[in-house]
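S.K.: Here's a structure for you.
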Amino acid sequence: MVTRLRKISHTSQFRQCFDSILCKKYSTLTVAPGKDYKNLAAFHKKLTGSKRILALCGAGLSASSGLPTFRGAGGLWRTRNATEIATPEAFETDPGLVWLFYAYRRHMALKATPNLGHFALTALAENLPGFLCLTQNVDNLSIRAAHPPSQLRPLHGSLFNIKCSNPHCSYTEKNNTSDPLHPSLALAALDPAEDEPHPLLDPSHALEHMPAADLPACPECKALLRPDVVWYGEPLDEDMLTSVDEWIDDAQVDLVLVIGTSAVVWPAAGYIERARGRKTSVVTINPEAEKPDNLRKMRKRDFAFVGDAAVLLPQLLEPIIGKPGKNGTYKSKLTSTPNVGC
Ligand code: BJW
Ligand code: ZN
């Protein structure tokens, strides 16, 4: 029965891929944005009339916390594209390199702090029970900004969850924030002197090949451990996708916030159009929001705001969440909690 359900659900993930291809094919048929597409007052009017809001967040939300994005500037790690390393194939070929990449990102995420964009979304969740936030980010910054877990779906997993790479072994660790995670990954947890590049980011600093036997191993079956994140070609968590589908189907979604994401990765990107009803507005919050590709996808009710999500979100959401306090957060209950797992 479970296998059958999984098959159906995998089929639905594949169907979303086909939908994306159709969407691209017919995207030239969509209409241009309306004249008010960057009008803050018009957006505030839509926002305050919204009961159900869905957000899709990406790496740009954490950019002003100092964490690099995946694509475009900042998407290079040593000489490789980050998107090439985040794959099962890369892990099979060179697990040591992939582990160093993740160990470095764990270190950077632990050093980073949530920004006003994360806190503004937390405040929106606290003020609006009909708000659901889908994040593609694995840095735990939304959790650390005290975003209520019941209103957050970390679609691509977490840097701080570990699992066994053996598909027949169910070993997992939640919220493991050890840094370094393992002695073999100590280089990733190093803090170089100011003005000096991190040795891992300096391509002229050669990396010794790390034999698999030196890497973190499963205490139960001795296979390699791996980060519990979703790589290309891997299915997203079934139960989480079901809960998102159910939430979307429950009632009309009034507003979709597309925050700091290139929205090219599926099934995440599919939720933007999946949630669109006759009266839904989609608002893009991104330094590239006015690029022709985005404007072409927009409909009359949609909005686009160009800039840093950490600056824009507090302004855009102000009618619901108010202004941040002196310490930059909203109300006293919002505190950064570095070691809370998801
Ligand atoms: C700012 C800013 C500031 C900068 N403020 N903004 C063809 C069609 C459709 C789908 C497919 C297809 N071929 C293959 C697929 C499927 C594939 C896919 O989508 N590929 C596309 C690339 C085409 N998808 C998958 O494989 C998914 N699985 C799947 O489909 O399973 C099906 C299945 C069923 C049954 C059995 C088996 C399988 C899995 C996708 C997993 C993605 N994984 C990664 C790595 C996660 C772990 C990690 O973090 O290391 O997720 S890849 C990477 O991309 C990561 C991100 O979460 C994700 C999205 O990136 P994001 O966040 O949008 O970042 P960027 O860099 O792209 O954009 C940043 C944006 O911020 C930019 O726009 C900037 O302008 C902006 N910005 N500063 C606001 N201050
Ligand atoms: Zn195992």
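S.K.: Can you spot a residue in the range 234-243 that is touching a residue at least 40 places away in the same chain (Cβ under 8 Å), within 15 Å of ligand 1 (Cβ to nearest atom) and over 22 Å from Phe70 (Cβ atoms)?
M.R.: Taking every residue of the range 234-243 in turn, at least one turns out to be touching a residue at least 40 places away in the same chain (Cβ under 8 Å), within 15 Å of ligand 1 (Cβ to nearest atom) and over 22 Å from Phe70 (Cβ atoms).
S.K.: Scan the range 102-146 for residues that are touching a Ser or Thr at 6+ places or on another chain (Cβ under 6 Å) and part of a helix (DSSP H, G or I) and jot them down.
M.R.: Scanning the range 102-146 gives His118, Phe119, Leu141, Ser142, Arg144.
S.K.: Further question on the same structure: Residue check: is Leu181 within 18 Å of Leu224 (Cβ to Cβ) and either more than 16 Å from ligand 1 (Cβ to nearest atom) or in a loop (DSSP other than H, G, I, E, B) (or both)? Can you show your working first?
M.R.: Working: within 18 Å of Leu224 (Cβ to Cβ): yes; either more than 16 Å from ligand 1 (Cβ to nearest atom) or in a loop (DSSP other than H, G, I, E, B) (or both): yes.
Criteria met by Leu181.
S.K.: Collect the residues in the range 184-203 that are modelled with pLDDT of 85 or more and either over 20 Å from Lys111 (Cα atoms) or not in a loop (DSSP other than H, G, I, E, B) (or both), keeping them in residue-number order.
M.R.: Answer for the range 184-203, where residues must be modelled with pLDDT of 85 or more and either over 20 Å from Lys111 (Cα atoms) or not in a loop (DSSP other than H, G, I, E, B) (or both): Ser184, Leu185, Ala186, Leu187, Ala188, Ala189.
S.K.: Which of the following residues is within 16 Å of ligand 2 (Cβ to nearest atom) and within 21 Å of Ala86 (Cα to Cα): Leu207, Leu201, Leu224, Leu236? Working first, answer last.
M.R.: Working: Leu207 fails: within 16 Å of ligand 2 (Cβ to nearest atom); Leu201 fails: within 16 Å of ligand 2 (Cβ to nearest atom); Leu236 fails: within 16 Å of ligand 2 (Cβ to nearest atom).
Result of the check over Leu207, Leu201, Leu224, Leu236: Leu224.
S.K.: Could I ask something else about it? Could you check, for the range 131-145, whether at least one of its residues is basic (Lys, Arg), under 28 Å from Arg71 (Cβ atoms) and within 16 Å of ligand 1 (Cβ to nearest atom)? Walk me through how you get there before you give the answer.
M.R.: Of the residues in the range 131-145, the ones basic (Lys, Arg) are 144.
Now restrict to residues that are under 28 Å from Arg71 (Cβ atoms): 144.
Still in the running and within 16 Å of ligand 1 (Cβ to nearest atom): none.
Among the residues of the range 131-145, not one is basic (Lys, Arg), under 28 Å from Arg71 (Cβ atoms) and within 16 Å of ligand 1 (Cβ to nearest atom), which makes the answer no.
S.K.: Now a separate question. For residues that are open to solvent by less than 40 Å² (accessible area, probe 1.4 Å), of a type outside the set (S, T, N, Q), within 11 Å of ligand 1 (Cβ to nearest atom) and assigned to a loop (DSSP other than H, G, I, E, B), tally how many sit in the range 244-268.
M.R.: Number of matching residues: 5.
The values are calculated or read from the model by the stated rules, or taken from the named source; none is laboratory data. Please read all numbers here as calculations on a predicted model, not as lab measurements. Neighbour counts are summed over all protein chains in view; Cβ atoms, including those assigned to glycine, are modelled from backbone coordinates with ideal geometry. With ligands, DNA and RNA removed, areas are computed over all heavy atoms of the protein, side chains included. Shrake-Rupley method; radii C 1.70, N 1.55, O 1.52, S 1.80 Å.
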